[in-house]
Amino acid sequence: MKTEKITVILVDDHAIVRTGFRLLLATEANIEVIAEAERGEQALQLYADLQPDIIIMDLSMAGIGGLETTRRLVLRHENVKIIVFSVHHEKVYVQRAMNAGAKGYICKHAHPEVLITAIKKVANGEIYVEPNLIDDAENSSDSMDYQAIIDNFSPREFDVFLLLAKGLTAHTISEQLCLSYKTAANYGTNIRQKLNVNSGAELAHVALLLNLTK
């Protein structure tokens with residue numbers, strides 16, 4: 001008996017990664033990749049046009065980024081099912097993705113079968129977070145005051161924070177995130193105020209404490 005295929009859109013800014021995903025999922029008879037996107041902006045349009053069962057979403061992309069894309073998709077389409085597939089395994093990323101409305105979260109370092117399991121479970125209406133990521137989140141206790149503040153950042157604030165912590169200037173951040181210089185600078189000021197820090201070095205220290213330096 002023929003079963004209906006689970007349709008998938010892959011969203012990742014690296015073509016070689018998308019190719020790997022596609023080849024892996026091609027081994028599953030009941031999963032079909034119907035489109036790919038390298039930016040969140042493309043993913044928004046593709047979802048509206050194609051209405052796939054699942055979106056596999058990277059977090060670290062140029063433009064609006066994976067977290068903001070997830071948030072916008074969830075606001076526009078109440079039935080969207082997004083699985084975040086990221087190199088980031090830290091608690092803050094898992095929490096922010098799920099808070100944004102993702103239905104699943106797995107790490108790119110996971111065994112390939114984990115992605116297939118996640119797709120099937122989320123397509124079936126379940127929530128799926130890779131088990132060891134849940135353990136990491138429960139066991140993490142570093143700098144909880146900073147953690148609580150960062151958990152309340154908007155998706156764009158979080159993106160700017162990570163770039164500031166890497167030492168990037170407001171000019172460079174504005175170019176990478178497609179923001180005006182004034183907007184990027186204002187984000188930086190607000191972020192420093194919320195964390196009660198005054199310099200890029202202090203922001204880098206906060207990121208280091210929370211294991212967000214990649």
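Every read-out reported here was derived from the displayed coordinates using simple, explicitly stated rules and does not represent laboratory data. What you see is a predicted model; the values in this text were computed from it and never measured. Every residue, glycine among them, receives a Cβ derived from its backbone with ideal geometry; neighbour counts consider all protein chains shown.
Some observations on this one:
- Taking the helices alone, the chain has a mean residue ellipticity at 222 nm of -16000 deg cm²/dmol, built from -39,500 (n - 2.57) per DSSP H run of at least 4 residues and averaged over all its residues.
- Using alpha-carbon coordinates, inclination of helix 181-195 to the longest axis of the chain, degrees: 80
- Leading residue at positive end of dipole, the range 144-209 (Cβ point charges), from Ala170, Asn198, Leu208: Ala170
- Placing unit charges on each Cβ (+1 for Lys and Arg, -1 for Asp and Glu) gives the range 18-125 a dipole about its Cα centre, and among His88, Leu23, Met57 the Cα reaching farthest toward its positive end belongs to His88.
- Legend: residue pairs Lys5/Lys81; Lys103/Lys166; Lys81/Lys120; Lys108/Lys194, Cα-Cα distance threshold 20 Å; pairs beyond threshold, Lys103/Lys166; Lys108/Lys194.
- Counted charge near Asp12, where neighbours are those whose Cβ lies closer than 12 Å (Asp, Glu -1; Lys, Arg +1): 0
- Total formal charge among the other residues, if their Cβ is under 15 angstrom from that of Val74, Lys/Arg +1 and Asp/Glu -1: +4
- Cα→Cβ-extended label distance, 7 Å offset, between Asp145 and Arg22, nm: 5.0
- For the chain, the equivalent ellipsoid built from the Cα gyration tensor has semi-axes of 32, 19, 14 Å, listed from largest to smallest.
- Helix 65-76 vs. the chain, principal-axis angle (Cα, 0 to 90°, nearest 10): 60
- About the centre of its Cα atoms, the range 6-137 shows a dipole size close to 220 debye [charges on the beta carbon of Lys, Arg (+1) and Asp, Glu (-1) only; nearest 20 debye].
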